[in-house]
Amino acid sequence: MYGIVDIQQPVQPLPQAGQMRSANLSSFSPYIASLGGNPQGLLDKFGIQRDGLESQDLLVDCQPFVELFEYCAERFNQPLFGVSLAERQTVEVYGAVAAYCRSALDVKHALKGLVNYLPTVHSYESQLELVECGGIAELRWCEKSPMGENSQSGLQGLMLNLKLLKELAGDAFKPSYINLPHVPYHRCVEPLRQHLGCSVRLSHDRACIGFATRWLTQPVASRNQTVYKVLGGYFASLQSLQQPNLVSDVTHFIKTNMEKGEASIECCAERLGVSSRTLQMRLAEQGRCFSSMLDQQRQTLAQLALKNGNISIAEVADSLGYAERTSFGRAFKRWTGVTPQMYRKQFI
């Protein structure tokens, strides 16, 4: 017997910093199999849980997902890997947000819903914007956190957004152009232009789909005022629950920037749009200190890495942002009371 669901509370866990719904990996396994690959082996290689990948409820870390797609593009010689995967998927990847967009009165209201609620429901890292200027509208997107080389996940997002636009506006919809950041997309422009049959340009600052503003007033064929209001109210209540989590954001920043040597409080404050002093004060209000958080992350990751006998101690030091192995050794002994070599011997 089914119980009554309180739609003021989340019926799914909400994504936090560095997370997304596993629906982005739907159709991955059959696609890899069609290329002659071993999908289960690849998922294991990048530490991605195999169970429930088709479920909207499962949350996965973005970083291994991004790295998996880049690896597959190289491994199978598929420069448009993200495009090909998205063509095997539907906009149901976006879950209830897709249903909300379909219920909107017109394309403009639908895209505003996508911009407002995709980060809340689907991926915390998604950052979208709808801009109108001079008869042209642009649906723009980027990621809140740096993910390194991520052209393939970006291409997947491009194709899913194109699919959604065509579904909302009708089969006659055609983009005027597509903009992609020069890095890392410079190798994808020509094959993508040939594949899509429209102008694909390199931009310094954004990825976007450009189209005539007249499409924004196009009525959505599946519009439904009741569904639109109910889902809109539910998503708005979720946004109030998903307040920015400063500690989670700072922890994610440290993890993703440590190896590059950019995990300083100055860089973190700039990324979060505040001054270093303000960041220190806000962390102090929660009983935290940036240097202690950095130290704790280094200790945790160092202990995990040293249990892996295939990684040298010098490589572990590099991955944690230490310029010299001796500095890492002193820090590790301060954390644990033993040297990295002595700690590793316990697990060999």
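Select from the range 155-176 the residues that are farther than 15 Å from T90 by Cα and either among the hydrophobic types (A, V, I, L, M, F, W, C) or in contact with a helix residue (DSSP H, G or I) (Cβ under 8 Å, 6 or more places away or on another chain) (or both) and list them in ascending order. Selection gives A169, A172, F173, P175.
For A110, the conditions (1) at pLDDT 90 or above; (2) out of contact with any Ser or Thr (no Cβ under 9 Å at 6 or more places or on another chain) are fulfilled apart from (2). State yes or no: is V131 in a strand (DSSP E or B), open to solvent by less than 50 Å² (accessible area, probe 1.4 Å) and either in contact with a His (Cβ under 8 Å, 6 or more places away or on another chain) or among the hydrophobic types (A, V, I, L, M, F, W, C) (or both)? In short, yes. Applying the criterion of being hydrophobic (A, V, I, L, M, F, W, C) and over 24 Å from the mean Cα position of the chain (by Cα) to the residues of the range 169-179, the residue that is surrounded by the fewest Cβ atoms within 10 Å (Cβ to Cβ) is A172.
Residues being part of a loop (DSSP other than H, G, I, E, B) and modelled with pLDDT of 80 or more: count how many of those fall in the range 307-325.
Qualifying residue count, the range 307-325: 5.
Checking L304, L216, L279, L246 one by one, the residue that is modelled with pLDDT of 90 or more and either open to solvent by less than 60 Å² (accessible area, probe 1.4 Å) or more than 20 Å from the chain's Cα centre (by Cα) (or both) is L216 and no other. Considering each residue of the range 112-122 in turn, at least one proves to be crowded, with 19+ Cβ neighbours inside 10 Å, more than 16 Å from the chain's Cα centre (by Cα) and assigned to a helix (DSSP H, G or I). Scanning the range 291-330 for residues that are within 19 Å of N257 (Cα to Cα) and in contact with a Lys or Arg (Cβ under 7 Å, 6 or more places away or on another chain) yields Q297, A314, A317, L320.
The values are calculated or read from the model by the stated rules, or taken from the named source; none is laboratory data. Keep in mind it's a predicted model, so treat the numbers as computed, not measured. Using ideal geometry, Cβ is built from the backbone for each residue, glycine included, and neighbour counts are taken over all protein chains shown. Heavy atoms of the whole protein, side chains included, go into the accessibility calculation; ligands, DNA and RNA do not. Shrake-Rupley method; radii C 1.70, N 1.55, O 1.52, S 1.80 Å.
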